Amino acid sequence: MDENGADAAGSPDSNADPLADADVYRVLGPDGSPLPDATVPDLSDERFRAIYRDLVVTRRFDERAVSLQRQGRIGTYAPCAGQEGSAVGSTHALADRDLISYQYREHGAVVVRDLLSEYLPYWMGHESGTEAIADGNVFPLNIGIGANLPHAVGAGWAFDYRDEDRVSVAHFGDGATSEGDFHEAMNFAGVFDTPTLFCCHNNGWAISIPQSRQTASETFAEKATAYGFDGVRVDGMDPLASYVVTREAAERARAGGEGPADASADTPRPALIEFVEYRFGAHTTADDPTAYRDPDDVDPWRALDPLDRMEAFLRETGRIDDEGVAAIREEADDVVADAIDVAESIEADPTDMFDHAYADLPPEIRRQRDELLAAIDEHGEGSFHREE
């Protein structure tokens, strides 16, 4: 094992561990036991259990969201099963005042910020969902690949300029590294020393494009070198490793670290974190992953399930028992059920779909709006509701 706790080849599960020989930072082995040379973060028992609770809530939300989409109750959805560890672990490592620039799969970040009821309406077509999470320092989710990165860097630059003790955290998938926005944002952050964390979620696939067709670089983390700051690879299915790496990067971004020769000692430094992980299911509910990957390839990654590893760690260290696990699972069911009830109680105004796209509606769009309102007037709003 190297000084970063990277090589887990000596663990009992190494033969089934797809990251056994990878140079990634780890705290927990595949079975949930702390690796011999790893340092478990110094957290309270309550915080450890809170991390596990948020993992369970995120998984339960994910399961229900996929079911809701299949029932036609929400739109196209991006499942996150398998990737909860990086989103939950990294968000726990931040301060509530830190800004999270969300892509579209890091639902765990919203769960940690306790915004699930406010957030779910977005997936049901209500823009109030993105407005609500913004109040919790989570940028509205971004469907344009990589387009959130320059904005996140700009926010970090503003924090530094105003002497605010805040970090800007940008989440994105490995496919976003092929976008110009990624390189522009990285370059700007490196030149101007913005307190920005670039969180690259490398799940092996950019929809159907494998990593080998995405970059000729050995890793995504090493791309940071070209822009003058550090990159680190972490086992993204290890919630505690995700916590440790993000916390240390956030501390450097706040207090400063090794920078250019003309930078002062307290200059904030950006960082690129590559979370190496795997999505168990589809890219979105409109995707069929069996069309481009062998289902058997998923099985080794299931052995690294972040929920199983975190639960095993808590049991092994005496921080939770059967009763505690059952209580958290019951709470997760209730939290998600409540969020669904809140979201489905929102009464949509059909005219909302015509607002905010144009300062002045073009004639054709105005005609469509008037036609819809006339039809509602004639037939009643109930005529347009889905039959249960």
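The values are calculated or read from the model by the stated rules, or taken from the named source; none is laboratory data. None of the values given here were measured: they were computed from a predicted structure. Cβ atoms come from the backbone with ideal geometry, glycine included; neighbour counts cover every protein chain shown. Heads up: the accessible areas ignore ligands, DNA and RNA and are worked out on the full protein's heavy atoms, side chains in. Shrake-Rupley method; radii C 1.70, N 1.55, O 1.52, S 1.80 Å.
For the reader, a short list of remarks on this structure follows.
- Per the conditions (1) in a loop (DSSP other than H, G, I, E, B); (2) open to solvent by less than 10 Å² (accessible area, probe 1.4 Å); (3) polar (S, T, N, Q), the sole criterion not satisfied by SER90 is (1).
- On inspection, ARG309 fails the criterion of being assigned to a helix (DSSP H, G or I), closer than 21 Å to ASP42 by Cα and over 24 Å from the mean Cα position of the chain (by Cα).
- Residues in the range 312-356 that are modelled with pLDDT under 95 and part of a loop (DSSP other than H, G, I, E, B) were compared, and the one that is farthest from ARG367 (Cα to Cα) is SER345.
- Evaluation of ALA216 against (1) open to solvent by 10 Å² or more (accessible area, probe 1.4 Å); (2) in a helix (DSSP H, G or I); (3) closer than 26 Å to ALA291 by Cβ (one fails), failing number: (2)
- The test for being open to solvent by 60 Å² or more (accessible area, probe 1.4 Å) and under 28 Å from GLY236 (Cβ atoms) does not hold for ASP338.
- Residue check: GLY136 meets all listed conditions (1) farther than 22 Å from ASP181 by Cβ; (2) at pLDDT below 95; (3) in a helix (DSSP H, G or I) but one, namely (3).
- Residues (free of Cβ contacts under 8 Å to residues at least 60 places away in the same chain and touching a Ser or Thr at 6+ places or on another chain (Cβ under 7 Å)) located in the range 80-112: HIS107, GLY108, VAL111, VAL112
- Screening TYR77, TYR122 for residues that are touching a residue at least 40 places away in the same chain (Cβ under 8 Å) and of a type in the set (Ser, Thr, Tyr) leaves exactly one candidate, TYR77.
- Of the candidates ARG73, ARG53, the single residue that is basic (Lys, Arg) and not in a loop (DSSP other than H, G, I, E, B) is ARG53.
- Considering the range 285-298, and only residues there that are loosely packed, with under 15 Cβ neighbours inside 10 Å and out of contact with any strand residue (DSSP E or B) (no Cβ under 9 Å at 6 or more places or on another chain), the residue that is nearest to ALA221 (Cα to Cα) turns out to be ASP297.
- Among the residues listed as ASP62, ASP31, ASP42, ASP54, the single one being open to solvent by 50 Å² or more (accessible area, probe 1.4 Å) and either free of Cβ contacts under 8 Å to residues at least 40 places away in the same chain or closer than 16 Å to LEU116 by Cα (or both): ASP42
- Among residues of the range 65-87 being of a type in the set (A, V, I, L, M), more than 16 Å from the chain's Cα centre (by Cα) and open to solvent by 10 Å² or more (accessible area, probe 1.4 Å), the one that is farthest from CYS199 (Cα to Cα) is ILE74.
- Taken as a whole, the condition of being under 30 Å from SER208 (Cβ atoms) and surrounded by 13 or more Cβ atoms within 10 Å (Cβ to Cβ) does not apply to GLY324.
- Some residue of the range 157-171 being closer than 27 Å to ALA357 by Cα and touching a residue at least 12 places away in the same chain (Cβ under 8 Å): yes
- Any chance ASP308 is at pLDDT below 95 and open to solvent by 30 Å² or more (accessible area, probe 1.4 Å): no
- Top-ranked residue of the range 96-115 - restricted to ones that are hydrophobic (A, V, I, L, M, F, W, C) and under 16 Å from ILE51 (Cβ atoms), ranked as most open to solvent (accessible area, probe 1.4 Å): VAL112
- Restricting the range 149-198 to residues that are among the polar types (S, T, N, Q) and over 22 Å from ARG247 (Cβ atoms) leaves a set whose member that is surrounded by the most Cβ atoms within 10 Å (Cβ to Cβ) is THR177.
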